Structure formats: structure tokens, C-alpha cells
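Chemist: Here it is, the structure in full.
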Amino acid sequence: MGGFIWYVFILVRFFVYLLIVILLVAFGAPWFVAVGFLFLAGLQLFHFFRLSKATI
């Protein structure tokens, strides 16, 4: 059960970073700020897939 909590936590952080990117682009933030948050979102997916392989 503890692993499921981490899956949810990581996926929620991924979607929060995507929402931040959408809001930054919508309100005219510089492109490098949006790319930075996309990088953070990608790290969340990396951690998610690494965790899923470790628990199988």
C-alpha cells in the first residue's frame, strides 16, 4: 500500500508541473522558465517509471 501512495504523489506532482507550464505560457512568461518546469515534470515521470520498475 505504501508504494501506491508514492505513485499517486509523483503523478500529482507531474500534473502540477504541467499546469504551471500552461499557466506560465498563458501569462507570457519567458520560454526558458517554461522549459525549466517541463524539465521538472520530466524528472517526475523518470522517478515514476524508476519506482514502478523497482517495485515489480
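Here, each number is a calculation from the coordinates, and none is a lab measurement. Bear in mind the structure is a predicted one, so any value in this text is a computation, not a measurement. Here Cβ is always computed from backbone atoms with ideal geometry, including for glycine, and neighbour counts include all displayed protein chains.
Chemist: What angle, in degrees between 0 and 90 and rounded to the nearest 10, separates the Cα long axis of helix 2-26 from the longest principal axis of the Cα atoms of the chain?
Modeler: For helix 2-26, the angle is close to 10 degrees.
Chemist: Using the alpha-carbon atoms, what tilt in degrees (0 to 90, nearest 10) does helix 31-55 show relative to the longest principal axis of the chain?
Modeler: 10
Chemist: Each label point is 7 Å from the Cα along the Cα-to-Cβ direction; what then is the distance between the points at Ile5 and Lys53, in nm?
Modeler: In this crude label model, Ile5 to Lys53 measures out at 2.6 nm.
Chemist: Give me the number: length gained by fully extending Val25 to Leu45, i.e. 0.36 nm times residue separation minus the C-alpha to C-alpha distance, one decimal in nm.
Modeler: 5.1 nm
Chemist: Using the C-alpha gyration tensor of the chain, what are the square roots of 5 times its eigenvalues, in whole angstrom, with the largest one first?
Modeler: Equivalent ellipsoid semi-axes, largest first: 27, 11, 5 Å.
Chemist: Counting only helical runs of four or more DSSP H residues, what would the 222 nm mean residue ellipticity of the chain come to if each run contributes -39,500 (n - 2.57) and the total is spread over all its residues?
Modeler: Details: 2 runs with 50 residues, N = 56.
Calculated from helices alone, the mean residue ellipticity at 222 nm is -31500 deg cm²/dmol.
Chemist: Could you rank the peptides 28-39, 9-20 by their average count of other C-beta atoms within 10 Å per residue, with the highest value first?
Modeler: 9-20, 28-39
Chemist: Hey, what did the chain get for relative contact order, percent, Cα under 8 Å, at least 6 apart?
Modeler: Reported relative contact order: 47 percent.
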